[in-house]
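Enquirer: Take a look at the following structure, please.
The values are calculated or read from the model by the stated rules, or taken from the named source; none is laboratory data. Bear in mind that the values here come from a model prediction, so they are computed numbers and not experimental data. Heads up, the Cβs are rebuilt from the backbone with ideal geometry, glycines too, and the neighbour counts pull from every protein chain shown.
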Amino acid sequence: MRSRFSAVAATAAVLICTVTCARAQIRPSRTWESSPQRGMRSGVMTSLMGGGEFQRSFGSAFDEQAWQFRTHVQAEPYRFSDTGRSVIWTTTIEAHQEMTANPYNDISFNPRTMRWEEFFWLHMITDDFSARVGFVHRCKHDIDNLSGADEDNPISPLLAEQRTLILTGPTLAASIPSQSTRLGTVTASAGVEWFLNSSDNRRGGPAVGSWDHMKGAAWLRAQCITRIGSDVAILTSAFASLPWFEARPGASPDVPFEARGELALSLTGATARLDVALVAERSFDEPALTYPAASSYVGLCVRFMPQLSATE
């Protein structure tokens, strides 16, 4: 019991620290782990999984992150190796979407942005690690921004301003298998992306702090699962990403570092799980706005996902 209490206390400390340094951008996949499982036979469409999340956040810049809705789909179109092989080769295709909304209309739900991510991965899975190489397309588009940030305010400073972001290129990643520790079961993964195309299209506003010069990003994900019952666990998870630029003319002086921290209660059923998570995030550049603005916020997230062994 003492070790479980220590794990929860450590988790809370990580989350509190994350409030001051956590960040996230146009990456809906920041809550999803891409490594497929070993125990499956070769062939066509050996697995298909998905999930959904909704989050209510507080404290973001201009309340742009008041609402977040994410969906995830991952298909394994072809697995080349049976489960008995020491090295398994397989492929996955992923699609992640996120809609964000602020509270500035008569129903306190004003959709503002849609964010998409698509991945194609070739995986190599061994007993000691898994690695993958692939291609990512990531973009953000506006929804109702032509009517301004506040539909009840006809002189909104963001009236008729739009912004489109596109990041596309090859990507590499690696993961380690679950490791048992005193705090619980720990997993970790990391990766790097190189953007062949980066586009930051603003209409109606000055192109200040453009992402046109973003060249890539490195990221790191870690999670600790502390079992407190056969179907109940405490999850601590953290995600961080560091994009790099060849230039950032007119951008905010804020360091472009992004992350997300969570402390969650996870209830596991026969095929899936339910997470209720306290979340902290911060963005070095709020994508819904046409000028640089850092944004810190905390929130409550409810998530429906596959079993703990399959994701995150």
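Enquirer: Mind listing whichever residues of segment 23-56 are hydrophobic (A, V, I, L, M, F, W, C), part of a loop (DSSP other than H, G, I, E, B) and modelled with pLDDT of 90 or more?
Expert: Trp32
Enquirer: When residues of segment 57-78 are filtered for being farther than 30 Å from Ala294 by Cβ and either of a type outside the set (Gly, Ala, Ser) or not in a strand (DSSP E or B) (or both), how many remain?
Expert: 5
Enquirer: In segment 281-299, which residues are buried (at least 22 other Cβ atoms within 10 Å of the Cβ), in contact with a Gly (Cβ under 6 Å, 6 or more places away or on another chain) and over 12 Å from Gly59 (Cα atoms)?
Expert: Thr290
Enquirer: Being polar (S, T, N, Q), within 25 Å of Cys224 (Cβ to Cβ), modelled with pLDDT of 90 or more and not in a strand (DSSP E or B), is that true of even one residue in segment 123-136?
Expert: yes
Enquirer: Would you be able to tell me the number of residues in segment 269-280 that are buried (at least 21 other Cβ atoms within 10 Å of the Cβ) and either modelled with pLDDT under 95 or more than 17 Å from the chain's Cα centre (by Cα) (or both)?
Expert: So the answer is 1.
Enquirer: While we're here: Please tell me if Ala259 is under 23 Å from Val73 (Cα atoms) and in contact with a Cys (Cβ under 9 Å, 6 or more places away or on another chain).
Expert: Spelling it out, Ala259 is indeed under 23 Å from Val73 (Cα atoms) and in contact with a Cys (Cβ under 9 Å, 6 or more places away or on another chain).
Quick grid of which residues meet (1) under 15 Å from the mean Cα position of the chain (by Cα); (2) in contact (Cβ under 8 Å) with a residue 40 or more places away in the chain:
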| position | (1), (2) |
| --- | --- |
| Val186 | no, no |
| Gly209 | no, yes |
| Leu220 | yes, no |
| Val232 | no, no |
| Ser241 | yes, yes |
| Ser252 | no, yes |
| Ala259 | yes, yes |
| Glu262 | yes, yes |
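Enquirer: Still on this structure, I have one more. Considering only segment 88-107, I want to know if a residue exists there that is in contact with a strand residue (DSSP E or B) (Cβ under 7 Å, 6 or more places away or on another chain), buried (at least 20 other Cβ atoms within 10 Å of the Cβ) and among the small types (Gly, Ala, Ser).
Expert: Yes, because at least one residue in segment 88-107 is in contact with a strand residue (DSSP E or B) (Cβ under 7 Å, 6 or more places away or on another chain), buried (at least 20 other Cβ atoms within 10 Å of the Cβ) and among the small types (Gly, Ala, Ser).
Enquirer: May I pose another question? If Arg248 satisfies all but one of (1) over 26 Å from Asn110 (Cβ atoms); (2) crowded, with 22+ Cβ neighbours inside 10 Å, what's the number of the condition it fails?
Expert: For Arg248, the exception is condition (2).
Enquirer: Any residue at all in segment 153-163 that's among the charged types (D, E, K, R), closer than 21 Å to Pro111 by Cβ and modelled with pLDDT under 65? Explain how you work it out, then say what you get.
Expert: First, the residues of segment 153-163 that are among the charged types (D, E, K, R): 161, 163.
Filter again for closer than 21 Å to Pro111 by Cβ, leaving 161, 163.
Filter once more, so that each one left must be modelled with pLDDT under 65: 161.
Yes: segment 153-163 contains one or more residues that are among the charged types (D, E, K, R), closer than 21 Å to Pro111 by Cβ and modelled with pLDDT under 65.
Enquirer: Right, something else. Can you pull out the residues in segment 67-100 that are touching a Lys or Arg at 6+ places or on another chain (Cβ under 6 Å) and either free of Cβ contacts under 8 Å to residues at least 40 places away in the same chain or among the acidic types (Asp, Glu) (or both)?
Expert: Asp82, Glu98
Enquirer: While we're on this one: Going through Ser237, Ser266, Ser230, Ser252 one at a time, which residue ends up being assigned to a loop (DSSP other than H, G, I, E, B) and closer than 19 Å to Ser178 by Cα?
Expert: Unique residue meeting the criteria: Ser230.
Enquirer: So which of Ser86, Ser81, Ser108 ends up being modelled with pLDDT under 95, in a loop (DSSP other than H, G, I, E, B) and at positive phi? Walk me through how you get there before you give the answer.
Expert: Numbers: Ser86 fails: at positive phi; Ser81 fails: at positive phi.
Ser108 is the lone residue from the list that is modelled with pLDDT under 95, in a loop (DSSP other than H, G, I, E, B) and at positive phi.
Enquirer: Scan segment 41-66 and report the pairs whose first residue is surrounded by 15 or more Cβ atoms within 10 Å (Cβ to Cβ) and whose second residue is part of a helix (DSSP H, G or I) and among the polar types (S, T, N, Q), with Cβ atoms within less than 9 Å and a gap of 6+ or a chain change.
Expert: Once the first residue is surrounded by 15 or more Cβ atoms within 10 Å (Cβ to Cβ) and sits in segment 41-66, its partners that are part of a helix (DSSP H, G or I) and among the polar types (S, T, N, Q) give Gly51/Thr31; Glu53/Thr31.
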